[in-house]
1. If we keep just the residues of segment 481-505 that are surrounded by 20 or more Cβ atoms within 10 Å (Cβ to Cβ) and among the hydrophobic types (A, V, I, L, M, F, W, C), which is farthest from residue 344 (Cα to Cα)?
2. Is segment 454-467 home to any residue that is of a type outside the set (S, T, N, Q), closer than 30 Å to residue 522 by Cα and open to solvent by less than 20 Å² (accessible area, probe 1.4 Å)?
3. Taking the stated definitions as given, is residue 432 touching a residue at least 24 places away in the same chain (Cβ under 8 Å), under 29 Å from the mean Cα position of the chain (by Cα) and either open to solvent by less than 70 Å² (accessible area, probe 1.4 Å) or on the phi < 0 side of the Ramachandran plot (or both)?
4. Just to check your reading of the model, which residue among 273, 241 is crowded, with 19+ Cβ neighbours inside 10 Å and either modelled with pLDDT of 90 or more or out of contact with any Pro (no Cβ under 9 Å at 6 or more places or on another chain) (or both)?
5. Listed residues 410, 385; which is open to solvent by less than 20 Å² (accessible area, probe 1.4 Å) and without any contact (Cβ under 8 Å) to a residue 40 or more places away in the chain?
6. Across segment 150-188, what is the number of residues that are in contact (Cβ under 8 Å) with a residue 24 or more places away in the chain and assigned to a strand (DSSP E or B)?
7. May I ask you to verify whether residue 551 is in contact with a strand residue (DSSP E or B) (Cβ under 9 Å, 6 or more places away or on another chain), modelled with pLDDT under 80 and either under 22 Å from residue 340 (Cβ atoms) or surrounded by fewer than 19 Cβ atoms within 10 Å (Cβ to Cβ) (or both)?
8. Answer yes if at least one residue in segment 444-454 is polar (S, T, N, Q) and over 30 Å from residue 362 (Cβ atoms), and no otherwise.
Amino acid sequence: MASTLQKFIHSLDLRALPRVLQIQSGIYCQDSVYEMFGNEFSLSTEDVIKVIGFKINKLIASICENNEVSPFSTKVELPLNFPGLYKVVADKTPYVSIEEIAGKVSIGPTRFGHPSFYSAKDIKLEHFTIKHDEQITFNSVEEVHGMMAVNCVVVRNNQSHSFTLPLSQEGEFYECEDDQIYTLKEIAEWKIPKGRNRIVKLSTTSHMWDSSSPLPENFDGCLILMPVYEVQAVMKFRKDIIHILSDLDVEVKDVTDHYDISSFLQPLSLEDIFERTSKEFPMVAEIMEGPSGNEKPYNLLSTGKEIVIYKKYQASRVLASEMRSDSSKRHYLIPMSYKGKFKRRPREFPTAYDLEIVRNEKEHLHVVATKTFTSPHKELFSVSVGDQFLVQQCQTSEVLYEGRKKLIDVLACEQILSDSYKKVLLPMYMEGGFVEVIHDKKQYHLSEICKEFRFPFNVKVSVRDLSIEKDVLAAAPGLQLEEEITDSYMLISSASSPVESWEIPVYRLNLLVRLLSKDVQTVAPPVTRTTVEEVSEEEYYMLRRYENLTLHPPPRPPKRPT
């Protein structure tokens, strides 16, 4: 059955890709030539394309009153980077099952991917009953005991309760009100359900209104957002990937079940390549679509170029952030092969408990107090701004509490006086502030820091890596090394001139290739060049979230006796 391209894409689940479509009819279909995103191509009636992906390209916004749109509502086109912050208006149309929610709503690892719903009726589980109107947060979709389910959380009396709901669970589920504010790009990527429009209300504008704005002056009403998708597809007899906007005026028919899908070129992502066995490497591939950039290794990855993929593997990186007070701090992944050297920078500690966490047996931690603390117990020390301490060890101490003796955790320190030292005890629950005093003038390689110190650890580049053409770390005012992570990489080189090889990340590089039936000239990869990878804010939080799931967090600081 034929439908418009727009209707088909709006109802299509990404998990159902790839799909083969046949062009049925349209104003532009009779051998019309299109030039979109730098690609020129033609579509004719009965042409066949294979859809391999799609993403939101722009938004059509209808200006509405009272959350309703009329035939006379003004429509404007908004790019994803249109300024302003918006609140999402809860959708009043119910979902009839968990499967419908999982298929239409974005559920993922970032804070944007945790939507909340409530059920119109109680849901009885084996050891748990979800009350009607109780907020249910959806965290992830995964297979549980051979059945697809959603991992959920409800909060009662400040306690989180985790459980799973199978996709087969039916009911009447409504979206909860969302008090967060988002950019238009965040809404487009995470907050527009498949096959539905989204109503948003302008919360704040990040710029003064000007005549070029598509919105009316002093606008503070609601917008109904309808996404326009950029569709990625391949055609027979073409080596590149074409990009089509979903609002192109054509009708299409899904003929996947009646077509040999292998007759098209098979674009593979880096994730697809990574899933292959190690025995299949090395291999030669042609770039069908790659990132833009003149710096190495990105200049090797432009469309049409051939590369050798030598191997896949897991590699260690240190996640680091610039030490800045403003919000423009940049984040990096530093490889262990980085040849620069670092000098230590002072660390800041908000509590006495943090001093215990970073305490090192090899050296005494020397700190200066930046906040006053008055001890409620005469057995423990009261701190003044400027007091200096050498941190010794954690121990227990007896204090008088409501007329009775009580054991509490304390931090044994030596207070540095003008000509002597005084042994003092600080309560572990003490909320104060301390800044480290650095006596160590040594320059460290990254591997030495990972071996000798605990993260987070503050440094500054003292000797830049001369093997890197532009060492971005050397320009940073200071870096906080936050944690060591393990990530997936592939080693590649140019097929035409394999004089050096590069590591490329599997999950942060948008790259599509097709494999070639060519022999690799040299099985052993050439010398590997060091690359410091800059990661976006979203990638940074995803890396930290993923790593923190695999680590056991330290115990919470002891509570102050009350």
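1. 492
2. Yes: segment 454-467 contains one or more residues that are of a type outside the set (S, T, N, Q), closer than 30 Å to residue 522 by Cα and open to solvent by less than 20 Å² (accessible area, probe 1.4 Å).
3. Considered against the rule, which asks whether it is touching a residue at least 24 places away in the same chain (Cβ under 8 Å), under 29 Å from the mean Cα position of the chain (by Cα) and either open to solvent by less than 70 Å² (accessible area, probe 1.4 Å) or on the phi < 0 side of the Ramachandran plot (or both), residue 432 comes out as no.
4. On inspection, the qualifying residue turns out to be 273.
5. Only one candidate passes the filter, namely 410.
6. Total satisfying the criteria: 14.
7. Answer is yes for this residue.
8. no
The values are calculated or read from the model by the stated rules, or taken from the named source; none is laboratory data. Remember, predicted model here, so these are calculated numbers, not experimental data. In this analysis, Cβ positions are derived from the backbone assuming ideal geometry, glycine residues included, and neighbour counts consider all displayed protein chains. The area values use the complete protein model at the heavy-atom level, side chains included, leaving out ligands, DNA and RNA. Shrake-Rupley method; radii C 1.70, N 1.55, O 1.52, S 1.80 Å.
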